[in-house]
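Participant: My questions all concern the structure below.
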Amino acid sequence: MLIRAAELDADFSSVRLCMLSGEGSTREMREEMLERLRQFGAGSPRIVNRYGATEAGSFFECEEGSGWHNVTPEQVYIETIDEESGHRTGPGEPGLLVITHLSRRGTVLLRYAVGDVVAIDRDPCPRCGRTAERIIGQPARTSGAVKIKGQLVHLEGLSAVLAGIPGVLEFQIVVQKSDPSDPYSIDEIVLRVAAGRAGVGDEVVERTIAVTNVRPRIELVRPEEIRHPDENAKAKRIVDLRPPAAP
Ligand SMILES: [Zn+2]
């Protein structure tokens, strides 16, 4: 958007706050965005992050690095739990984030696992003084689940689906930036598929959209391009090529 704004010679003199959501941003990305905002006339712009999931609502930073505030603690209760035992982890200790609606009609969630491992700070915010809890630390996806274009995609589940399609000899799920040289570009799924018959590629695309809501890019390959040279070793089914997000 900022690149487009430069093309249009936009006037950003009234921009005070920029709220980022979706993909995690690195400190370098945020610095560059601030620099661009200033170039377009924004006086002293601030960037804060939003953390959220479609089912669970949103949590916001008050300032960069403050942690994500639960802004409606009377409606949403958050905990971190041990993935195995389901017991709550202590303040500041990492655990699976689970969300409980305290006051809601219709779809009500009870200890719903968003799919992220986070920690929770229940002390008042040192920046703004709010007393509701904050999610701290960079959320890490639990094994096998990634967020692509806003959709939570369970790669293990997708892997099981692909393995069940007749004519798929070998496959590999690659998660990467759509432009590997550009860390701003969106995440995408590339399915490397060795097909044993015609039409397999189309079927793989259809089934993937059906289970993930995400359209994958298909790369048809020979089985030996995926198979591990050691015949007994398992082929690597899931490969994540994205650069790790900086805290
Ligand atoms: Zn705060």
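Participant: For VAL71, are the conditions met, namely being in a loop (DSSP other than H, G, I, E, B) and more than 16 Å from the ligand (Cβ to nearest atom)?
Facilitator: No, not satisfied.
Participant: Turning to a different aspect of this structure: If LEU17 satisfies all but one of (1) within 16 Å of the ligand (Cβ to nearest atom); (2) within 27 Å of ARG242 (Cα to Cα); (3) in contact with a strand residue (DSSP E or B) (Cβ under 7 Å, 6 or more places away or on another chain), what's the number of the condition it fails?
Facilitator: (2)
Participant: Related question: Give just the number: which of (1) closer than 25 Å to PRO94 by Cβ; (2) more than 16 Å from the ligand (Cβ to nearest atom) does VAL161 not satisfy?
Facilitator: (1)
Participant: Can you pull out every residue in region 84-106 that is exposed (fewer than 14 other Cβ atoms within 10 Å of the Cβ) and either closer than 19 Å to VAL117 by Cβ or not basic (Lys, Arg) (or both)?
Facilitator: Result: GLU84, SER85, GLY86, HIS87, GLY90, PRO91, GLY92, GLU93, LEU102, SER103, GLY106.
Participant: Which members of region 95-114 meet the condition of being within 15 Å of PRO73 (Cβ to Cβ), of a type outside the set (A, V, I, L, M) and at pLDDT 90 or above?
Facilitator: THR100, HIS101
Participant: Shifting gears a bit: Taking VAL168, is it in contact (Cβ under 8 Å) with a residue 12 or more places away in the chain, within 23 Å of GLN75 (Cα to Cα) and among the β-branched types (Val, Ile, Thr)?
Facilitator: Numbers: in contact (Cβ under 8 Å) with a residue 12 or more places away in the chain: yes; within 23 Å of GLN75 (Cα to Cα): no; among the β-branched types (Val, Ile, Thr): yes.
Spelling it out, it is not the case that VAL168 is in contact (Cβ under 8 Å) with a residue 12 or more places away in the chain, within 23 Å of GLN75 (Cα to Cα) and among the β-branched types (Val, Ile, Thr).
Participant: Restricting to region 146-199, name every residue that is of a type in the set (S, T, N, Q), more than 16 Å from ILE238 (Cβ to Cβ) and in a strand (DSSP E or B).
Facilitator: GLN151
Yes/no per residue for (1) surrounded by fewer than 17 Cβ atoms within 10 Å (Cβ to Cβ); (2) over 21 Å from the mean Cα position of the chain (by Cα):
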site	(1), (2)
VAL114	no, no
VAL118	no, no
PRO126	yes, yes
GLY137	yes, no
ILE165	yes, yes
GLU170	no, yes
ASP179	yes, no
ALA210	yes, no
LEU220	yes, yes
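Participant: Okay, next question. Could you tell me which numbered condition GLU83 fails, if it satisfies all but one of (1) out of contact with any Leu (no Cβ under 6 Å at 6 or more places or on another chain); (2) part of a loop (DSSP other than H, G, I, E, B); (3) under 29 Å from LEU191 (Cβ atoms)?
Facilitator: Of (1) out of contact with any Leu (no Cβ under 6 Å at 6 or more places or on another chain); (2) part of a loop (DSSP other than H, G, I, E, B); (3) under 29 Å from LEU191 (Cβ atoms), only one is false for GLU83: (1).
Participant: Just to be sure, is GLY129 on the phi > 0 side of the Ramachandran plot, more than 16 Å from the ligand (Cβ to nearest atom), free of Cβ contacts under 8 Å to residues at least 24 places away in the same chain and not in a strand (DSSP E or B)? Walk me through how you get there before you give the answer.
Facilitator: Values: on the phi > 0 side of the Ramachandran plot: yes; more than 16 Å from the ligand (Cβ to nearest atom): no; free of Cβ contacts under 8 Å to residues at least 24 places away in the same chain: yes; not in a strand (DSSP E or B): yes.
Here the answer is no, as GLY129 does not meet what is asked.
Participant: Looking for something free of Cβ contacts under 8 Å to residues at least 40 places away in the same chain and touching a Pro at 6+ places or on another chain (Cβ under 6 Å) - is there at least one such residue anywhere in region 53-68?
Facilitator: No.
The values are calculated or read from the model by the stated rules, or taken from the named source; none is laboratory data. If you're wondering where the values come from, they're calculated on a predicted model, not measured in any experiment. Neighbour counts are summed over all protein chains in view; Cβ atoms, including those assigned to glycine, are modelled from backbone coordinates with ideal geometry.
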